[in-house]
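Before any comments, here is the structure.
The values are calculated or read from the model by the stated rules, or taken from the named source; none is laboratory data. These numbers come from a predicted model, not from an experiment. For neighbour counting, all protein chains shown are included, and Cβ atoms are generated from backbone atoms with ideal geometry for every residue, glycine included.
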Amino acid sequence: MTPEMKGFVLLSVVKMLFVFTVVLVGVALLTLMERKVSAWMQNRIGPNRVGPGGLLQPAADGLKNILKEETFPSAANPVLFVLAPALAFIPALLLSGVIPFAAPLPLDFDVTLPVLGRFVHHGPLPMVVADVPVGFLFVIAISSLGVYGIALAGWSSNSKYSLLGGLRASAQLISYEVALGLSLIPVLLLTGDVSFSTIITVQQQGLWLVLPLVVSFFVFLVSGFAETNRLPFDLPEAESELVAGYHSEYSAMKFSMFFIAEYANIVTVSAMVTTLFFGGWDIPFVAVGTAKPWALFTLAPGPIATLLTGLAFFAKLMFWIFFVMWIRWTLPRFRYDQLMALGWKFLTPVTLGYIMLVCVVLYVAELAGLRGTLPLHLVLTGVSVVCAIALFFVVDRGLIITGSASRRARRAGLRPPQRLPVSF
Amino acid sequence: MAIGVKVLKRPEQEVSYVRAALKGMALTFKHMFEKSVTMQYPEEKSTDGEHGGGQWSLSPRWRGTHRMLTDEQGRSKCVACGLCPQICPANCIKLVPGEDEEGNRYPLIYEIDEFRCVFCGYCQEVCPEEAIHVGVHYENAEYSRGRFVYDLERLSAQTHPVSSLWDPTDPRGE
């Protein structure tokens, strides 16, 4: 092995250790955060007995889960029953390796260690474990594998509740993957690349993509909720209907693996939203290295820039994780028909239409000779905002999610749909 | 007075889901900054309204585990009339009457099985001597089921305040 390659391997190992430690510890702390946030939203205190302010609660939970009895239903398929939690867990964790979490760090070193030999590295070090060129395609591909874990868990438990949960999960994940994938096509059209680093660079040149592609962002967010099985899309584990859905028969650490997978998926979705639509590690009005419109400050690439951008990424990530919890403790679960109708009859056609719209705008902009990233983004922002207003103020009245009372009224022809006197 | 039934007015018209969801999110967010209503139980406890005050109080009509009142000589006030085992709907009072040389009746055995008791308070209501009472008390944990059969000695040794039963002629307790 050449010294350069050894340097690469060394740095990769360090980054892996860093990212996976942060993600695993973070996931443990997210369970505490979820319980705290839910408590505050319900005027309660939340866990506060273990450690200062309940900070060691995840450790106590982990210890409990390791010491608990592992149950094996006698009728379960033993191989798949054990394999399923791992299948849910591994893809969820893998994804944290491809999201850039800070600005590249210029790093040069040339050291010789006693046994291992010479390590050399030159040039900027991307702050991501694997800066894969296939970018979000990799995320979509790997995150789809998670459904195998859930479906197999449901099937191999040999319990009707688990099976129903697994079936629902498969149907839901596959339905919403369509909308999820399609909602990223406008990003691809606008940035011309699927790699996260390029997408972040384009957002630094223009606007954060949430503005030019607000409809895409909305569809991605909703589908992301559905993909992580979070409320209001938690039908696979609907307690009131299915005991605990696909993990009804699991106990101890195997149950915990599903739990960790769920929270790791939340982290991934939040990181995706942050990176694709909110500029990733980009700090508003601050340019790092490259020129940027509206930059008030310029940071030279270096440890400080990397640290600050890392903090910016972390802040945005935490906001979206909080947002996921916020939604969970606000909205009730959808009915199954509402879930399917939302996915197939609303999100998918809307996204297809939006792709067409973005294509037309890009084509017209090119014909009109619009140059540069920023003017293009501004034009698209205008078009998208009009589009979003049309969606949320006109189409979203009885078409997206319909309550049972209004459905009944409409079916019976009792009264034509009216506007409520109160304004939402 | 007719019983008021709360009828929820559900929207029969079309409402926007997204905007309704945003409204709900504003509500939950507001709640995050409100004062918590949790009682930190083992540290903070409910006291009975008359004797403790504080933020948490039990109703004076709370019916908890029993207490047998005693007279000045420390004997129980019970005259073993047998009304309480008679009225007890759960049949949890065991009473064996005895009589001393002066002809006064007293309980030889008086036991209440607190597991069978439904805490209706009829025993207190029916007692002519105001001897047996239900108490304003909770926290009754024991290590064995047998310990939940309270005998006369234990009933007399209880010190917690007793409940004032609801009087139909004075519904507000004034």
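Of B:K30, B:K94, B:K45, which residue is closer than 26 Å to B:G146 by Cα and basic (K, R)?
The conditions single out B:K94.
Here are some residues: B:T38, B:T70, B:T28. Which one is within 14 Å of chain A (Cβ to nearest Cβ) and in contact with a helix residue (DSSP H, G or I) (Cβ under 7 Å, 6 or more places away or on another chain)?
Result of the check over B:T38, B:T70, B:T28: B:T28.
Name the residue that is surrounded by the most Cβ atoms within 10 Å (Cβ to Cβ), counting only residues in the stretch A:320-329 that are within 13 Å of chain B (Cβ to nearest Cβ) and part of a helix (DSSP H, G or I).
A:V324
Within the stretch B:27-44, can you find the residues that are of a type outside the set (V, I, T), in a loop (DSSP other than H, G, I, E, B) and free of Cβ contacts under 8 Å to residues at least 12 places away in the same chain?
B:M32, B:F33, B:E34, B:K35, B:S36, B:Q40, B:Y41, B:P42, B:E43
What are the residues in the stretch A:35-65 that are loosely packed, with under 15 Cβ neighbours inside 10 Å and either at positive phi or hydroxyl-bearing (S, T, Y) (or both), if any?
Passing the criteria: A:N43, A:G51, A:G53.
Can you name every residue in the stretch B:41-67 that is away from chain A (no Cβ under 14 Å) and at pLDDT 80 or above?
B:W62, B:R63, B:G64, B:T65, B:H66, B:R67, listed by residue number.
In the list B:C88, B:C120, B:C127, B:C84, which residue meets the criterion of being of a type outside the set (K, R), modelled with pLDDT of 85 or more and within 13 Å of the chain's Cα centre (by Cα)?
When all the criteria are applied, what remains is B:C120.
Hey, which of the strands (runs of 3 or more DSSP E) in the stretch B:91-140, taking only ones fully inside, have at least 1 residues that are in contact (Cβ under 8 Å) with a residue 24 or more places away in the chain and among the acidic types (D, E)?
B:105-113
Residue-wise test of (1) among the aliphatic types (A, V, I, L, M); (2) under 14 Å from B:T65 (Cα atoms).
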site	(1), (2)
B:C123	no, yes
B:V126	yes, no
B:E130	no, no
B:V136	yes, yes
B:S144	no, no
B:D151	no, yes
B:R154	no, yes
B:T159	no, yes
B:S164	no, yes
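Restricting attention to the stretch A:300-329, which residues are free of Cβ contacts under 8 Å to residues at least 40 places away in the same chain and over 27 Å from the mean Cα position of the chain (by Cα)?
Residues satisfying the conditions are A:A300, A:I304.
Scan the stretch A:200-214 and give yes if some residue there is among the aliphatic types (A, V, I, L, M) and over 22 Å from A:L391 (Cβ atoms), otherwise no.
Yes, because at least one residue in the stretch A:200-214 is among the aliphatic types (A, V, I, L, M) and over 22 Å from A:L391 (Cβ atoms).
In the stretch A:20-60, how many residues are in a helix (DSSP H, G or I) and of a type in the set (D, E, K, R)?
3
Against the conditions (1) modelled with pLDDT of 75 or more; (2) surrounded by fewer than 17 Cβ atoms within 10 Å (Cβ to Cβ); (3) more than 30 Å from B:L165 (Cα to Cα), where does B:T38 fall short? Just the number, please.
(3)
Name the helices (runs of 4 or more DSSP H) wholly inside the stretch A:183-256 in which the number of residues that are under 23 Å from A:L93 (Cβ atoms) is 2 or more.
In the stretch A:183-256, A:196-205, A:214-227 are the helices (runs of 4 or more DSSP H) which contain 2 or more residues that are under 23 Å from A:L93 (Cβ atoms).
Could you please let me know if A:Q57 is touching a residue at least 60 places away in the same chain (Cβ under 8 Å), closer than 23 Å to A:W329 by Cα and either within 14 Å of another protein chain (Cβ to nearest Cβ) or touching a Leu at 6+ places or on another chain (Cβ under 7 Å) (or both)?
No.
Residue by residue through the stretch B:101-129, note down the ones that are more than 14 Å from B:P85 (Cβ to Cβ), touching a Ser or Thr at 6+ places or on another chain (Cβ under 9 Å) and of a type in the set (F, W, Y).
Within the stretch B:101-129, B:Y106, B:F119 qualify.
Being in contact with a Lys or Arg (Cβ under 6 Å, 6 or more places away or on another chain) and away from every other protein chain (no Cβ under 14 Å) narrows it down to one residue among A:T21, A:T71, A:T112, A:T31; which is it?
A:T112
Please specify each residue of the stretch A:366-396 satisfying the condition of being among the charged types (D, E, K, R), surrounded by fewer than 14 Cβ atoms within 10 Å (Cβ to Cβ) and at pLDDT below 80.
A:R371
Could you check A:P332 against (1) under 22 Å from the mean Cα position of the chain (by Cα); (2) surrounded by 14 or more Cβ atoms within 10 Å (Cβ to Cβ); (3) not in a helix (DSSP H, G or I) and say which number it fails?
With respect to (1) under 22 Å from the mean Cα position of the chain (by Cα); (2) surrounded by 14 or more Cβ atoms within 10 Å (Cβ to Cβ); (3) not in a helix (DSSP H, G or I), A:P332 is out only on (2).
When you scan the stretch A:346-363, how many residues do you find that are out of contact with any Leu (no Cβ under 7 Å at 6 or more places or on another chain) and either away from chain B (no Cβ under 14 Å) or free of Cβ contacts under 8 Å to residues at least 24 places away in the same chain (or both)?
Matching residues across the stretch A:346-363 total 7.
Consider A:F424 carefully, then state whether it is touching a helix residue (DSSP H, G or I) at 6+ places or on another chain (Cβ under 9 Å), within 14 Å of chain B (Cβ to nearest Cβ), under 12 Å from B:S16 (Cα atoms) and at pLDDT 65 or above.
no
If you take the residues in the stretch A:397-415 that are modelled with pLDDT under 65 and more than 9 Å from chain B (Cβ to nearest Cβ), which one is farthest from A:F217 (Cα to Cα)?
Taking the candidates together, the pick is A:G413.
If A:L184 satisfies every condition in (1) more than 16 Å from the chain's Cα centre (by Cα); (2) touching a residue at least 24 places away in the same chain (Cβ under 8 Å); (3) within 25 Å of A:M356 (Cα to Cα) but one, which is the exception?
For A:L184, the failing item is (1).
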